Amino acid sequence: MGIILDRQPLLFLIFLLASIALLPAQGLTQNKITVERNDTLFYVHEVETGHTLYSISKLYGANVEDIQDQNPQTLTGLKVGQTLYIEVSEDRVENPDEWTNPIRIENGMMIHRVKRRETLYGISKQYKTDINRLLELNPGIDKGLNPGDELNIPPNDLDEPAAPIPQRDTSDVWMRHRVAGGETLYSIAKHYGVSQKALSDLNQNFPQGLRADSIILIPLRNEESEPDIRQEELEVILKDSVFVKERYNVVLMLPFQLALLDTAESIDDPRLKRLQEIAMSFYHGTLMALDSLKAYGANLHVSVLDVSSNEDVQHALTLPEVKNAHLVIGPLQRKALEEVAAFTGKRGIHLVCPVPQSNRVLLSSPNLSKVYPSEDSEIRTIAAHVAKTHGSDNVILIDTKNLSDARSVQLFKKYYHAVAIPQDTLGAAIKELECSSRFVGKLEDQLIAGKMNVLVVPAGDNSKSMIANLQSRIQLLDDAFDVKLYALSEWISYDFLDYSFKYRTHLTVPGNDFIDYNASEVKSFVSGFRERFNTEPSEYAYLGHDVMLFYGKGLLLYGINFPNRFGGIDQSDLLSLRFDFNKTGIDSGFENRYVYLLEHRNFALQPLKAPPLERAHR
């Protein structure tokens with residue numbers, strides 16, 4: 001990894017040079033069919049049900065990128081019955097007395113034949129799979145492995161199995177699209193400039209309907225709507241929208257405040273100093289993620305720019321690194337983000353907003369994704385969870401009648417009834433109780449002894465007096481009343497809330513992230529971070545790590561088409577975040593709607609499992 005520093009602006013060039021494969025290539029297997037084409041020897045492989053590009057690459061000791069280059073039809077996904085040609089590597093010699101794993105693919109599984117001194121742990125690491133999954137698929141191996149045993153190895157979770165070939169003209173070319181909530185056949189057809197009939201024909205008339213989060217095919221050549229499309233135009237579309245790249249250009253824009261480093265008065269400014277700390281911590285986290293991406297085989301060129309002022313933004317937009325980017329992360333400031341979004345939007349470059357911002361930044365920015373969920377998504381998650389979990393309990397909604405809380409109250413009722421009523425939930429008719437800084441209604445009259453009383457309080461900073469009053473009333477309640485309380489994320493920072501109150505009510509609040517410091521991967525990250533940077537990782541270090549790792553994997557797996565494949569990006573090694581991106585409109589960007597619900601129990605904040613978000617807004 002090389003680093004080049006240009007102080008005005010800050011510019012690091014980080015090279016992660018490797019192939020697109022996630023794991024090192026493995027050896028050849030016996031009894032493979034070969035043919036000679038143009039003086040080059042190829043293996044011939046027929047795709048069967050359950051095969052994936054990953055498992056095929058392992059079988060033939062190739063990498064995914066080479067297979068795709070030699071078989072362009074795989075760029076839109078594997079199809080059962082396809083014939084693939086895989087070049088035989090000249091430096092591989094088969095030994096009839098030895099075998100190279102996996103020895104074959106069978107029923108969608110890679111088959112690994114155990115060699116001497118191999119262990120279950122070593123095999124799980126070789127295939128990047130979980131030991132418990134191997135134990136589940138191979139009963140009896142918990143008693144020990146013997147040379148010659150054949151094990152079922154699951155395909156890589158990041159790869160899609162081969163799908164049946166659609167009954168259609170194979171001369172057409174298509175791309176995939178993930179349906180967002182609220183999208184219609186008409187809006188999708190209009191967005192891509194194709195006819196509704198072409199969409200229906202390509203997708204067998206949508207036998208299961210047009211469902212949110214489902215994947216549909218979009219024709220890139222539409223005879224009915226664009227009969228005069230030229231072949232060279234089609235090639236440009238394919239190159240820029242579907243094909244993976246040999247290398248991906250990534251730009252980080254962070255407020256390092258380098259222009260102020262030599263000004264003692266400025267560096268003492270608490271706000272600027274805090275911005276510097278956030279930028280450096282975020283950057284350190286991305287470096288840790290880049291190490292992981294390098295191990296996966298990423299080929300990235302990462303430029304890190306100091307974007308602290310409007311002048312920095314204007315200068316950055318003139319740089320070739322930005323003009324030729326495939327992905328831009330940041331800037332963190334709202335105004336700067338909007339300027340960069342206007343620039344990247346015109347060029348089809350995906351832009352990431354990595355810090356909390358209003359969903360307004362997504363308007364008219366279809367190439368922008370926002371990492372942090374909105375307050376609407378937090379309330380949606382609370383409502384869905386309460387409706388699903390407390391359907392037979394005594395649910396009470398606290399209404400402050402404060403204008404600043406009115407929208408939150410209405411959103412909760414909307415999302416709660418959207419889930420509860422279709423399911424005929426007994427608790428669909430929730431109670432409402434008016435409260436204020438001086439008056440907390442007749443709380444005792446609404447409670448039921450011997451039953452779970454669920455209080456939902458969608459009130460925040462402008463209602464602190466009421467919240468303190470409510471706390472006092474609950475603490476005076478008789479122990480016969482079992483109370484559970486759901487509130488907004490701001491409550492975590494309220495120092496006036498007593499621990500006894502939090503744990504009596506099992507106070508549960510939404511959270512954007514959660515770090516399990518007992519998890520082995522977090523311990524490993526902390527240890528590596530300390531050793532590398534001689535400091536403790538802050539929340540922004542975890543943020544930088546997870547953002548870079550997630551989007552880097554997206555490029556690695558799906559190329560620049562990754563926004564249409566957000567749901568297929570593996571998240572198993574993220575440390576604090578989870579992603580559930582939803583497109584907020586045809587001409588707007590993507591919001592992450594994954595929200596943790598964090599409950600006070602056992603003297604700690606611990607996550608609950610939230611129900612799927614789509615159930616809350618159907």
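The values are calculated or read from the model by the stated rules, or taken from the named source; none is laboratory data. No experiment lies behind these values; they were computed from the predicted model shown. Because the Cβ atoms are built from the backbone with ideal geometry, glycine has one as well, and the counts that use them run over all protein chains shown. We work out accessible area using only protein heavy atoms, side chains counted, and drop any ligands, DNA or RNA first. Shrake-Rupley method; radii C 1.70, N 1.55, O 1.52, S 1.80 Å.
Structure above, values below:
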{"item": "Amide H contacts of residue 580 (H built 1.01 Å from N, under 5 Å, at least 5 apart or other chain)", "result": "593, 594"}
{"item": "Area accessible to solvent at residue 548, 1.4 Å probe radius, in Å²", "result": "0"}
{"item": "Per residue value of the accessible surface for the range 494-546 (all protein chains in place, 1.4 Å probe), Å²", "result": "52"}
{"item": "Selection from 417, 367, 387 lying farthest towards where the dipole of the range 364-510 points positive, charges on Cβ", "result": "367"}
{"item": "Placed amide H near residue 329: partners under 5 Å, 5+ positions off or other chain", "result": "251, 252, 253, 352"}
{"item": "Long pairs among 401/484; 58/523; 370/553; 323/346; 388/451; 401/451, criterion Cα-Cα beyond 19 Å", "result": "401/484; 58/523; 401/451"}
{"item": "Three-way shape call for the range 534-613 based on the alpha-carbon gyration tensor, with the a/c threshold at 1.5", "result": "oblate"}
{"item": "Fraction of accessible area attributable to carbon and sulfur, the range 472-618 (%, probe 1.4 Å)", "result": "46"}
